[in-house]
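Heads up, the thing below is written out as structure tokens.
Every number in this text was worked out from the coordinates using simple rules, so none of it is lab data. What you see is a predicted model, and the numbers here were worked out from it, not measured in a lab. Here the Cβ positions follow ideal geometry from the backbone for every residue, glycine too, while neighbour counts run over all protein chains shown.
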């Protein structure tokens with residue numbers, strides 16, 4: 001870690017890299033997000049070498065952001081790590097204290113109660129929904145919000161119970177589509193998708209992973225369709241939807 005910090009200091013020095021010197025915490029946000037997703041992709045591929053590399057990249061970006069705040073005398077890395085150490089020990093009294101929890105549900109209950117106390121101490125209004133970042137992908141955010149609401153019993157009892165809600169939202173969406181009111185359509189489409197996320201959660205399937213799987217499948221089949229079209233010396237831009245569907249069914 002010390003060598004990485006030295007590298008960052010050199011990059012940010014007056015005679016360092018012009019690009020690195022221009023960066024701010026806000027300008028680095030998109031790169032942080034990209035690095036996280038690259039790690040997620042590597043984990044999905046179960047590529048140990050790539051996972052190791054991506055963890056290193058993320059660690060570098062975190063040190064980079066911390067260094068900028070340290071330059072401005074806002075805080076230093078030791079401050080950030082100390083806060084994390086204190087927080088983790090406080091939220092795990094069954095490991096670092098005298099508490100005794102029987103199962104993960106009791107651990108979660110204590111975690112939730114501790115976070116509520118922390119919010120109150122900061123003068124914030126506590127909520128069982130926690131502080132799920134708005135910058136999360138929308139499907140993942142909906143999944144997490146439904147999950148947290150469900151922990152206090154504000155939920156359907158089983159997956160089958162959600163179908164009525166999905167059908168209800170479908171009817172409302174179709175009604176707004178017929179009215180041609182864009183804002184209402186957007187709202188009802190969101191309600192419909194939120195219901196699907198809740199169904200996904202009850203089925204213990206992450207909607208982001210399910211949609212990514214289907215998108216990958218579509219891409220693979222589409223490329224096969226393009227290969228068939230290329231082999232037949234056809235122009236994909238001039239084919240009718242009927243012809244495209246015919247070839248699509250062939251490659252399925």
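Values for this structure:
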item: Cross-chain or 6+ apart pairs with Cβ under 8 Å, region 40-69 first and in contact (Cβ under 8 Å) with a residue 60 or more places away in the chain and on the phi < 0 side of the Ramachandran plot, then exposed (fewer than 15 other Cβ atoms within 10 Å of the Cβ) and not in a helix (DSSP H, G or I); result: 63/1
item: Tally of residues being under 26 Å from the mean Cα position of the chain (by Cα), loosely packed, with under 12 Cβ neighbours inside 10 Å and in a loop (DSSP other than H, G, I, E, B) across region 74-116; result: 0
item: Among (1) surrounded by 14 or more Cβ atoms within 10 Å (Cβ to Cβ); (2) part of a helix (DSSP H, G or I) - the single one residue 30 does not satisfy; result: (1)
item: Number of the condition not met by residue 154 [criteria: (1) surrounded by 15 or more Cβ atoms within 10 Å (Cβ to Cβ); (2) out of contact with any helix residue (DSSP H, G or I) (no Cβ under 8 Å at 6 or more places or on another chain); (3) not in a helix (DSSP H, G or I)]; result: (1)
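So that you can scan it fast, the table gives a plain yes or no per residue for (1) touching a helix residue (DSSP H, G or I) at 6+ places or on another chain (Cβ under 7 Å); (2) assigned to a helix (DSSP H, G or I); (3) surrounded by 14 or more Cβ atoms within 10 Å (Cβ to Cβ); (4) at positive phi:
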| position | (1), (2), (3), (4) |
| --- | --- |
| 118 | no, yes, yes, no |
| 124 | no, no, no, no |
| 130 | yes, no, yes, yes |
| 140 | yes, yes, yes, no |
| 143 | yes, yes, yes, no |
| 148 | no, yes, yes, no |
| 163 | no, yes, no, no |
| 169 | yes, yes, yes, no |
| 173 | yes, yes, yes, no |
